[in-house]
Amino acid sequence: MIEAIIHNLHLGRTRRAAELCLHLDITQQVRLFSALDGSDIPVLFNRLPYRRALKIFRGMSVGARQRLLSALPAEAAARLLTPVPLPELVLALDETPVNRLQDILRALPAERRQALLGALEQPTGAVGRYMRPDTLAVTRGTPVEGAMKKLLRHQAHVLFVVDERGRYLGFVTRGSLAGREAAAPVERQLLGIGLALTPEQALSGVRGLMARAGVGVLPVLDERGALAGALHGRDLPPVTVDEVRARRRGGGLRRMLSLGLVTGGLLGLPLMVTLFFGTLA
């Protein structure tokens, strides 16, 4: 079906291509618009119902989203971006040329434009550029039962805990609350004490931090120690090929050398000697 649509577009049969496109499911439509050339995108995309178009956009990769936004008129791109979570918006517009970005910004609602500009002012690769300003939290003293109900209501796994002045204390999860006394204060089950980020902090290492903590979201704190937002793993920019290669080059050696340090150097010294003379050879 996708091949037939592309074939009809190349022959100039846009109406037939649009009819076929409407018969595809969401997954197929995501594949279609990810494969189309820029000039063909508006012909089909502008004929889709808005909610359908939004679902397709949310299902696309970052690169495909960027190509789609570049092909659409600024007003259509802005309308598509208005309900999208802020980190996804930043990722989609990160590589957009300045003139094009200005056109889209002008077409966005004022409040949305201001929030986006605030995120884009953060340095590339900083936590604040990709964090969400809204957080899921309860105050110290909240019963376990109330905290669990909030987690279930929001279909979330992690819940932040703050004191009466809004300062971050730690987080709880569904697992840490399961089976606990319903009336007990939630802070008795705190996890992640001291585990937090700042808006200016670099993203490097954040994925590993989340993996070690067993969570997909971490708190972002302001200078007072209060919640400024939350950084979700799903909002992190894609790992580049260069980053993967760097990890493969350095990861194994760092792990072996750290093992030598842990064992008091008994393993580390022979290992370093072997590596040194092996390199010379």
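The values are calculated or read from the model by the stated rules, or taken from the named source; none is laboratory data. Remember, predicted model here, so these are calculated numbers, not experimental data. Because the Cβ atoms are built from the backbone with ideal geometry, glycine has one as well, and the counts that use them run over all protein chains shown.
The condition (being within 30 Å of His232 (Cα to Cα), among the hydrophobic types (A, V, I, L, M, F, W, C) and assigned to a loop (DSSP other than H, G, I, E, B)) is satisfied by just one residue among Val30, Val84, Val90: Val84. Please go through region 166-214 and give me each residue that is closer than 25 Å to Thr124 by Cβ and part of a loop (DSSP other than H, G, I, E, B), ordered by number. Those that are closer than 25 Å to Thr124 by Cβ and part of a loop (DSSP other than H, G, I, E, B): Leu195, Ala196, Thr198, Pro199, Glu200, Gln201, Leu203, Ser204, Gly205.
Under the condition of being surrounded by 14 or more Cβ atoms within 10 Å (Cβ to Cβ) and in contact with a helix residue (DSSP H, G or I) (Cβ under 7 Å, 6 or more places away or on another chain), the residues counted in region 167-183 number 6. Take Ala196 and decide whether it is assigned by TED's automatic domain parsing to the domain that holds Asp222, modelled with pLDDT under 95 and closer than 24 Å to Arg129 by Cβ. Yes. In region 147-156, the count of residues that are touching a Gly at 6+ places or on another chain (Cβ under 9 Å) and either loosely packed, with under 14 Cβ neighbours inside 10 Å or not assigned by TED's automatic domain parsing to the domain that holds Pro85 (or both) is zero.
One line per residue, one yes/no per condition, for (1) basic (Lys, Arg); (2) at pLDDT 85 or above; (3) farther than 24 Å from Pro238 by Cβ:
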site: Ile26; (1), (2), (3): no, yes, no
site: Asp40; (1), (2), (3): no, no, yes
site: Met60; (1), (2), (3): no, yes, no
site: Leu72; (1), (2), (3): no, yes, no
site: Glu75; (1), (2), (3): no, yes, yes
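Residue-level analysis places Leu54 among those that are assigned to a helix (DSSP H, G or I) and either over 25 Å from Leu203 (Cα atoms) or of a type outside the set (Ser, Thr, Tyr) (or both).
In region 124-137, is there at least one residue being farther than 22 Å from Leu227 by Cα, in contact with a helix residue (DSSP H, G or I) (Cβ under 9 Å, 6 or more places away or on another chain), at pLDDT 90 or above and not assigned by TED's automatic domain parsing to the domain that holds Ala71? Before the answer, list the steps.
Of the residues in region 124-137, the ones farther than 22 Å from Leu227 by Cα are none.
No, the conditions are met nowhere in region 124-137.
Just one of Thr135, Thr139, Thr173 is touching a residue at least 40 places away in the same chain (Cβ under 8 Å), in contact with a strand residue (DSSP E or B) (Cβ under 7 Å, 6 or more places away or on another chain) and either more than 17 Å from Asp235 (Cβ to Cβ) or of a type outside the set (Val, Ile, Thr) (or both); which is it?
Values: Thr135 fails: either more than 17 Å from Asp235 (Cβ to Cβ) or of a type outside the set (Val, Ile, Thr) (or both); Thr139 fails: touching a residue at least 40 places away in the same chain (Cβ under 8 Å).
When all the criteria are applied, what remains is Thr173.
Scanning for something touching a Lys or Arg at 6+ places or on another chain (Cβ under 6 Å), within 25 Å of Pro237 (Cα to Cα) and not hydroxyl-bearing (Ser, Thr, Tyr), does region 100-109 turn up at least one residue? Yes, region 100-109 contains a residue that is touching a Lys or Arg at 6+ places or on another chain (Cβ under 6 Å), within 25 Å of Pro237 (Cα to Cα) and not hydroxyl-bearing (Ser, Thr, Tyr).
Hey, any hits in region 88-111 for a residue that's buried (at least 17 other Cβ atoms within 10 Å of the Cβ), among the polar types (S, T, N, Q) and outside the structural domain of Gln155 (by TED's automatic domain parsing)? Checking region 88-111: at least one residue is buried (at least 17 other Cβ atoms within 10 Å of the Cβ), among the polar types (S, T, N, Q) and outside the structural domain of Gln155 (by TED's automatic domain parsing).
Output yes when any residue across region 207-229 is more than 26 Å from Arg140 (Cβ to Cβ) and either in contact with a Ser or Thr (Cβ under 7 Å, 6 or more places away or on another chain) or not charged (D, E, K, R) (or both), and no when none is. Before you say what the answer is, go through the steps one by one.
Residues of region 207-229 that are more than 26 Å from Arg140 (Cβ to Cβ), as a first pass: 207-208, 211.
Filter once more, so that each one left must be either in contact with a Ser or Thr (Cβ under 7 Å, 6 or more places away or on another chain) or not charged (D, E, K, R) (or both): 208, 211.
Yes, region 207-229 contains at least one residue that is more than 26 Å from Arg140 (Cβ to Cβ) and either in contact with a Ser or Thr (Cβ under 7 Å, 6 or more places away or on another chain) or not charged (D, E, K, R) (or both).
Residues in region 125-159 that are assigned to a loop (DSSP other than H, G, I, E, B) and either on the phi > 0 side of the Ramachandran plot or out of contact with any Asp or Glu (no Cβ under 8 Å at 6 or more places or on another chain) (or both): 11 in all.
Could you tell me how many of the residues in region 32-69 are under 22 Å from His10 (Cα atoms) and more than 21 Å from the chain's Cα centre (by Cα)? Of the residues in that region, 16 qualify.
Quick check, is Arg165 within 30 Å of Thr82 (Cβ to Cβ), in contact with a strand residue (DSSP E or B) (Cβ under 8 Å, 6 or more places away or on another chain) and at pLDDT below 95?
So Arg165 fails the test.
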